[in-house]
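Since the structure comes first, as structure tokens, the remarks are kept for the end.
The values are calculated or read from the model by the stated rules, or taken from the named source; none is laboratory data. The structure presented is a predicted model; accordingly, all values stated were derived computationally and were not measured. Cβ: placed from backbone, ideal geometry, glycine included. Neighbour counts: every protein chain shown. For accessibility, only protein heavy atoms count, side chains too; no ligands or nucleic acids. Shrake-Rupley method; radii C 1.70, N 1.55, O 1.52, S 1.80 Å.
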Amino acid sequence: QVQLVESGGGLVQPGGSLRLSCAASGSGFSIYAMGWYRQAPGKKRELVATVTSGGTTNYADSVKGRFTISRDNAKNTVYLQMNSLKPEDTAVYYCKLNFLLLTGSTRSPDNYWGQGTQVTVSS
């Protein structure tokens, strides 16, 4: 069983900052990547940033230099520090967990989405 708890969304003025957190819990799985995606009204869900268990990061071009993803492996938690926020960053932000489901000697890749947290950038 996998559970994800997201927090940190809210309303912020342009140029402001927010920090999102996503904590994974449960048993019977091994995490190999975590990431953040977002979906604005009327648009498709898009990648924001990902980080592997080894620390390799990947960012959407639109957030490079403004957002930083980090991970605490001991706590199974991923963070997204968002600086210099713009109105176009307004969206529901979703945490995604990529893991191996451990069943006996079998390792099966799977993924799980959080419930989403609203980020609104407006004056």
Exercise for the section: Please identify, among Arg45, Arg107, Arg71, the residue showing maximal mean-square fluctuation in a Gaussian network model of the chain using a 10 angstrom Cα cutoff. Expected result: Arg107
Fill in the blank from the handout: With +1 on the Cβ of every Lys and Arg and -1 on the Cβ of every Asp and Glu, the dipole magnitude of region 70-117 about its Cα centre, in debye rounded to the nearest 20, is 140
Completion exercise
With the 8 Å Cα cutoff and a minimum separation of six or more residues, region 1-48 has a relative contact order in percent of 32
Exercise for the section: Report the charge-dipole magnitude of region 1-120 in Debye, nearest 20, computed about the Cα centre from +1 at each Lys and Arg Cβ and -1 at each Asp and Glu Cβ. Expected result: 100
Handout entry: For region 109-116, Karplus couplings with θ = phi - 60° (6.51, -1.76, 1.60), whole Hz, Gly/Pro x
Key = x, 7, 9, 8, 10, x, 7, x
Practice task
With springs only between Cα atoms under 10 Å apart, run a GNM on the chain and tell me which of Thr52, Thr103, Thr77 wobbles the most.
Solution key: Thr103
Exercise for the section: Pop out the ³J(HN,Hα) list for region 28-44 in order, Karplus 6.51 cos²θ - 1.76 cosθ + 1.60 with θ = phi - 60°, rounded to Hz; leave Gly and Pro as x. Expected result: x, 8, 10, 7, 10, 7, 9, x, 10, 10, 9, 9, 8, x, x, 10, 6
Problem - Environment charge of Thr77, counting only residues whose C-beta is closer than 11 Å and scoring Lys/Arg +1, Asp/Glu -1 - result: 0
Practice task
Can you figure out the FRET efficiency of Ser84 with Thr57, using R₀ = 22 Å and their beta-carbon distance, to the nearest 0.05?
Solution key: 0.75
Completion exercise
Everything considered on the Cα gyration tensor (a ≥ b ≥ c; rounded for a/c under 1.5, else prolate if a/b is larger than b/c, else oblate), the chain must be described as prolate
Handout entry: Total lysine pairs under 24 Å (Cα atoms) in the chain, excluding pairs fewer than 8 apart on one chain
Key = 10
Exercise for the section: Report in % the part of the accessible area of the chain that belongs to carbon and sulfur, leaving out ligands and nucleic acids; probe 1.4 Å. Expected result: 47
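Tell me, what is the per residue accessible area of the chain in Å², probe radius 1.4 Å?
Roughly 53 Å² per residue, with all protein chains present.
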Fill in the blank from the handout: Inter-part gap, Cα centre of region 82-116 to Cα centre of region 1-51, in whole angstrom, is 6
